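Here is the structure we will look at.
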Amino acid sequence: MDEKELKEKIDAAVAEATAGLVAKNQELLGKLKKAQKDSQIDPVDHAAIQAELEQTQAKLAEAQKVVKTATTEAEKLKKAYESESKVAHKLLVENGLTAALIESKVKAEFMDGALALLAPLASLKAEGENRTAVIGDKPLKDYVGEWVKSDKGKHYVAAPNNQGGGAGGGSADGGANKKTMTRTAFDALDAAEKVEFSKAGGKLTNE
């Protein structure tokens, strides 16, 4: 339930709970004003109207208190739902993307970079009680499968092992001098810079 829908339900509940009492209160106020202007009114009738008005106002105050409590509880539930939704989004998206990237043979050293690129594009699609992670209108597996074949994604994929006996294979330093970068700094790069960083075997850090 989104914030707009929740507000509409709360407003409807408030209107339903208080509409009759508000109308009765206005009716009795009108009678009381008329009675006060009419010098011929029976004091007993005047007192009865006054007593009924006080009872109605007390009930209205109680109803408004109940509505306020219900509104507070609804806000708490909404916040809890949003928190759970964020956790579910993170798990479904990150786990789903990781599985899809592994299946598409994305290099292990490029995994963090690929996740950082694709995760912001993903969303959850509701199907009844179930949630499915998608990018656009495609399941993660299908999207990643197409992405690794694109000009942007193909650089992340492990090439076939075609090094012959004479091939040097790997860098002379054994990868000891690979670059590192914080995720914040990585997110600030443009797409081409991110690809170059990943191609160079860059690693993301949490610092």
Restricting to the stretch 109-134, name every residue that is loosely packed, with under 14 Cβ neighbours inside 10 Å and among the acidic types (Asp, Glu). Glu127, Glu129
Within the stretch 191-207, restricting to residues that are assigned to a loop (DSSP other than H, G, I, E, B) and modelled with pLDDT under 75, the one that is surrounded by the fewest Cβ atoms within 10 Å (Cβ to Cβ) is Asn206
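Only one of Ala47, Ala23, Ala35 is modelled with pLDDT of 75 or more and outside the structural domain of Trp147 (by TED's automatic domain parsing). Can you tell me which? First the steps, then the outcome.
Values: Ala47 fails: modelled with pLDDT of 75 or more; Ala35 fails: modelled with pLDDT of 75 or more.
Exactly one residue qualifies, and that residue is Ala23.
Which residues, counting only those in the stretch 132-182, are modelled with pLDDT of 80 or more and within 23 Å of Lys203 (Cβ to Cβ)?
Kept after step one, since they are modelled with pLDDT of 80 or more, are these residues of the stretch 132-182: 132-157, 180-182.
Result: Val144, Trp147, Val148, Lys152, Gly153, Lys154, His155, Tyr156, Val157, Thr180, Met181, Thr182.
The values are calculated or read from the model by the stated rules, or taken from the named source; none is laboratory data. In this text the structure is predicted, and so the values were computed from the model without any measurement. Positions of Cβ are backbone-derived with ideal geometry, glycine not excepted, and every protein chain shown enters the neighbour counts.
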